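Enquirer: Got a structure for you, questions after.
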Amino acid sequence: MIIGSHVSFGSEQLLGSVKEALSYKANAFMFYTGAPQNTMRKKIDENLTKEAKKIMEENGINIQNVICHAPYIINLANKKDEEKWHFSINFLEQELARCDELGISYLVLHPGSAVGYPVDEALQNIVDALNIVLEKNYRCMILLETMAGKGTECGKNLEEMSFFLKNVEKEVGVCLDTCHLHDAGYEMDKFSEFLENFDKKIGLNKIKCVHINDSKNPLGAHKDRHANIGYGAIGFETLLQICLHEKLKDVPKILETPYVGDTWDAKEKKYPPYLFEIEMLRNATFNEHLLDSILSYYNK
Ligand code: FE
Ligand code: FE
Ligand code: ZN
């Protein structure tokens with residue numbers, strides 16, 4: 001199973017990310033090149049990248065299973081403020097250049113939110129922006145993420161995803177997110193059917209990453225609130241079957257589940273759940289004492 005979680009990209013950059021991933025016994029990971037909410041970015045340090053790659057090699061982490069996620073503030077859908085739209089385009093270009101510098105193959109991107117735009121125009125704005133960005137040739141491929149349809153988010157169903165893939169002139173891929181799909185109304189316990197449908201409309205070979213998250217909300221809620229694995233509306237067995245799915249066996253699975261506090265609803269969330277969530281999925285066994293396991297491990 002190729003599985004990991006999102007990790008930070010701090011002062012040690014990719015090297016810090018690798019170390020964190022290894023602390024979760026992961027063989028894949030996803031990082032943001034800076035805070036996901038802003039566009040402040042530090043210059044890539046070549047020595048840290050080299051060291052990171054060495055450690056990855058020693059620990060059997062294939063760089064193809066290392067994913068970057070673009071910041072949320074990039075919005076290619078809304079062109080009302082043309083300056084902001086161009087800012088998003090420009091930032092996305094810089095992010096792809098950073099990925100190329102790091103040797104990262106995939107950059108996950110939220111397609112964007114229509115805000116005041118009619119959906120069809122918003123979808124076209126996204127396509128236009130991607131066509132501008134991809135005029136330059138990057139080695140790194142953009143993966144459009146399937147969204148929950150919260151607010152005016154685009155990419156909330158396979159028809160919209162298929163529109164992107166058909167109309168963007170250069171190749172882009174897809175990142176599935178189980179919480180988003182569930183919140184968008186797709187039943188994750190019928191995942192094989194979903195994949196058949198996806199294959200017909202888009203093509204399974206376009207799926208390069210899967211975000212494995214449970215959901216705090218019922219099917220079709222359009223909320224996008226992630227829950228810990230087995231502690232939400234999707235449930236452990238269904239998420240496990242997705243991780244084990246034969247057709248996606250070579251695709252990295254990335255957890256973006258919430259940190260936990262001293263209790264499930266503690267205000268301060270300080271402990272990462274990933275070591276134990278990865279263990280549950282690898283062992284195919286639900287841990288009904290997940291919170292206790294995490295707390296006793298990090299408080300030792
Ligand atoms: Fe995302
Ligand atoms: Fe996601
Ligand atoms: Zn989400």
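The values are calculated or read from the model by the stated rules, or taken from the named source; none is laboratory data. A quick note: this is a predicted structure, and the numbers were derived from the prediction, not measured. In this analysis, Cβ positions are derived from the backbone assuming ideal geometry, glycine residues included, and neighbour counts consider all displayed protein chains. Note: accessible area is taken over every heavy atom of the protein model, side chains too, but ligands, DNA and RNA are not part of it. Shrake-Rupley method; radii C 1.70, N 1.55, O 1.52, S 1.80 Å.
Enquirer: Scan segment 42-108 for trypsin sites (Lys or Arg not before Pro) in coil per DSSP, keeping those whose Cβ has at most 16 other Cβ atoms within 10 Å, and list them by number.
Expert: Sparse-neighbourhood loop trypsin sites (Lys or Arg not before Pro): Lys42, Lys43, Lys80.
Enquirer: Mind giving me the nanometre distance, one decimal, between the label points for Lys166 and Asp292, set 7 Å out from Cα along Cα→Cβ?
Expert: Each label point is offset 7 Å from its Cα along the Cβ direction, giving 5.4 nm.
Enquirer: Cα to Cα, under 19 Å, and not fewer than 8 places away if on the same chain: which aspartates and glutamates meet these conditions relative to Lys84?
Expert: Partners found: Glu93, Glu95, Glu121, Asp128, Glu153.
Enquirer: With a Cα-only, solvent-free Debye model of the chain, what are the log10 I(q)/I(0) values at q = 0.10, 0.16 Å⁻¹?
Expert: Values, matching the q order: -0.52, -1.40.
Enquirer: Note down the accessible area of Glu288, probe 1.4 Å, to the nearest 10 Å².
Expert: 140 Å²
Enquirer: Additional query: Mind checking which lysines have their Cα closer than 29 Å to the Cα of Lys270? Skip sequence neighbours fewer than 8 apart in that chain.
Expert: The qualifying lysines are Lys19, Lys25, Lys42, Lys43, Lys53, Lys150, Lys216, Lys223, Lys253, Lys300.
Enquirer: In addition: Give the relative contact order (percent, whole number) for segment 3-298; include only Cα pairs under 8 Å separated by 6+ residues.
Expert: Once normalised by length, the contact order is 15 percent.
Enquirer: So how far, in whole Å, is the C-alpha centre of segment 174-233 from the one of segment 57-100?
Expert: Answer, in whole Å: 22.
Enquirer: Keeping the other protein chains in place, figure out the carbon and sulfur percent of the accessible area of the chain, with a 1.4 Å probe.
Expert: Taking all protein chains in place, the chain shows 49 percent carbon and sulfur surface.
Enquirer: Between the DSSP loop rule and a limit of at most 14 other Cβ atoms within 10 Å, which chymotrypsin sites (Phe, Trp or Tyr not before Pro) in segment 192-270 are left?
Expert: Answer in residue order: Tyr259, Trp264.
Enquirer: I would also like to ask the following. Rank these residues by their accessible area, most exposed first, probe 1.4 Å: Arg139, Arg282, Arg225.
Expert: Heavy-atom accessible area, descending, gives Arg139, Arg225, Arg282.
Enquirer: Let me ask something additional. Taking 8 Å as the Cα distance limit and 6 or more residues as the minimum spacing, I'd like the relative contact order of segment 129-205 as a percentage.
Expert: Relative contact order for segment 129-205 comes out at 32 percent.
Enquirer: Give me the percent of DSSP beta bridges within the chain that run antiparallel, rounded to the nearest 5.
Expert: 15 percent
Enquirer: Can you tell me the FRET efficiency between Lys50 and Asp100 if r is taken as the Cβ-Cβ distance and R0 is 22 Å, rounded to the nearest 0.05?
Expert: 0.90
Enquirer: Given Cβ point charges of +1 (Lys, Arg) and -1 (Asp, Glu) and nothing else, what value in debye, to the nearest 20, does the dipole of segment 3-298 about its Cα centre take?
Expert: 360 debye
Enquirer: Here is a follow-up. No partner Cβ under 4.7 angstrom, meaning no disulfide-compatible partner by this rule: which Cys of the chain qualify?
Expert: Cys68, Cys154, Cys179, Cys243
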